[in-house]
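Each remark here refers to the structure printed beneath this line.
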Amino acid sequence: VAEYNVAKGLRGRVDEVYSEMFKLGLDIMIVTETGLLARDKIREVEEFKVVSLPATQGSVVEGGIAIFVRRHKGLVVERVCADKDRGRWIKVLLAVGGPHKMWVCGAYGVSGPTRLDKQVEAMSVVNDWSCQVRECLQDTEHVMFASDSNFVRDSNIDRCKEVGGRRVANTDHDASETLYHHFIGDTGLVDSWYECHGNEPGYTRSGCGRPE
């Protein structure tokens, strides 16, 4: 399972996703920030099932999530639920062989904002995500959650000092850490990046230099 943020650029790149999944041996790919609206259709090929949540369009196009599932190894999409109001999450219940089930959740768009009013808005979204995860856990203990969110375990590690000093996760008011620990504590999920990489910096934003 992998997550791929295409930064509002899935249009014209669907074949790239299929190719990467074949190359890396992936069964499931959660693609965030697709930038695709309801009128945009994702071309499916025989070996894949794709479920998606359209981007929202106000003054700009924001979000969009797609979950690509390979039709092999007994993987079958049984149920799909989505946030059709705010466009913040979509989740898929998969049969993964025999009686076993797994929820795969994709989510969009929470940072560690500086402004206090934005922190309240961000926490509202995170609380909704937590609620969705808890509902999933009522069906099965196997839950995978992936998002493009920029709140992190330790913003003293996951930050950059270039691009005008802009950080991947700011430290003002401990906004980033507060969101992170609230979500992890509320859901009981395991941070797979931290489990695998420890304190290795995890940002990939272009233009960032070496970490401070």
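With all protein chains kept in place, the per residue accessible area of the stretch 1-158 amounts to 50 square angstrom at a probe of 1.4 angstrom.
Computed with a 1.4 Å probe over protein heavy atoms only, the accessible area of PHE145 comes to about 40 Å². Determine the share of the stretch 40-133's accessible area contributed by carbon and sulfur atoms, expressed in whole percent, with a 1.4 angstrom probe. Percent of accessible area from carbon and sulfur atoms in the stretch 40-133: 51.
Take the Cβ-Cβ distance between LYS84 and ASN127 as r, set R0 to 22 Å, and report the resulting FRET efficiency rounded to the nearest 0.05.
Details: r = 18 Å, r/R0 = 0.82.
The calculated FRET efficiency here is 0.75.
Full extension of the chain segment joining SER19 with GLU62 gains 12.9 nm, where the gain is 0.36 nm per residue of separation less the Cα-Cα distance.
The values are calculated or read from the model by the stated rules, or taken from the named source; none is laboratory data. Small disclaimer: the values here were computed from a predicted structure and weren't measured. Positions of Cβ are backbone-derived with ideal geometry, glycine not excepted, and every protein chain shown enters the neighbour counts. Keep in mind that these areas ignore ligands, DNA and RNA; they rest on the heavy atoms of the full protein, side chains included. Shrake-Rupley method; radii C 1.70, N 1.55, O 1.52, S 1.80 Å.
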